[in-house]
Amino acid sequence: MERSTIRVQFIHGLESSPQGKKATVFARHFETCTKAMNTRDFWGCVELQADTINEFRPNVLVGSSFGGAVAVALLERGCWKGPTLLLAQAAFKYLPSACLPKGVPVLLVHGLKDDVIDIEDSRALARTGSNDMVKLIEVDDSHDLGGFVDSGRLVDLVREAAQYSPAV
């Protein structure tokens, strides 16, 4: 399969890296930038990712768990206003009053069997954005969303999100 020209910036979670499963899937299908982060420094990660947005100029920003919290911080600060995909996001763990800005397309995916981050966190976060631009997808999966990734639905969802990007 030919790689897409969609530019994906992936922000990995606490237990992941640029060599993790999701990062590898993104690299196989898209032009991808996944920076290694010191996940002990949340705000340092936010700064690193903000700089990466300016350098890499993605079409879609994807954050997974901890990386989802970083992505929400970028949205709140106005560092990123484009299509965003949040996977089992952990925003409320780092940003207790987190909210999505109005007018930004955000897709959230959360597993019904997630025993790390309560799905209610994604439901609550989804209610903060623009109703017509935020979509929560609940899947029969665990925190790592392994079944969702393996099914190819993650790649399809990135393509869906990219449709909201003026640069694609």
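Readers should treat all values here as calculations from the given coordinates under stated rules, not as data from a laboratory. Everything quoted here is computed from the prediction, not taken from an experiment. All Cβ positions, glycine included, derive from the backbone under ideal geometry; neighbour counts span all protein chains shown.
What the table shows:
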{"read-out": "Amide hydrogen neighbours beyond the local backbone of Gly111, cut-off 5 Å, H modeled", "value": "Ala88, Val139"}
{"read-out": "Karplus 3J(HN,Hα) series, Hz, for region 107-115 with 6.51 cos²θ - 1.76 cosθ + 1.60 (x for Gly, Pro)", "value": "10, 10, 10, 9, x, 5, 9, 5, 9"}
{"read-out": "Inter-label distance for Glu31 and Ile53, nm, one decimal - labels placed 7 Å from Cα along Cα-to-Cβ", "value": "1.9"}
{"read-out": "Residues Thr32, Thr39 arranged by fewest to most Cβ contacts within 10 Å", "value": "Thr39, Thr32"}
{"read-out": "Region 1-159, dipole about Cα centre (Lys/Arg Cβ +1, Asp/Glu Cβ -1), debye to the nearest 20", "value": "460"}
{"read-out": "Fraction in percent of alpha-carbon pairs per bin - 5 Å, the chain", "value": "2, 10, 21, 25, 23, 15, 4, 0, 0"}
{"read-out": "Estimated 222 nm signal from helices in the chain, with DSSP H stretches of n ≥ 4 weighted -39500 (n - 2.57), rounded to 500", "value": "-10500 deg cm²/dmol"}
{"read-out": "Net charge, Leu75 excluded, C-beta distance under 14 Å - Lys, Arg +1, Asp, Glu -1", "value": "+2"}
{"read-out": "Straight-distance crosslink candidates among lysines, where the alpha carbon sits under 25 Å from Lys113 and sequence neighbours closer than 8 are dropped", "value": "Lys21, Lys22, Lys93, Lys135"}
{"read-out": "Residues Leu154, Leu112, sorted so that the one with the fewest Cβ neighbours within 10 Å comes first", "value": "Leu112, Leu154"}
{"read-out": "Order of Met37, Met133 under a 10 Å beta carbon neighbour criterion, fewest first", "value": "Met133, Met37"}
{"read-out": "For Val134, distant residues with modelled amide H under 5 Å away", "value": "Val106"}
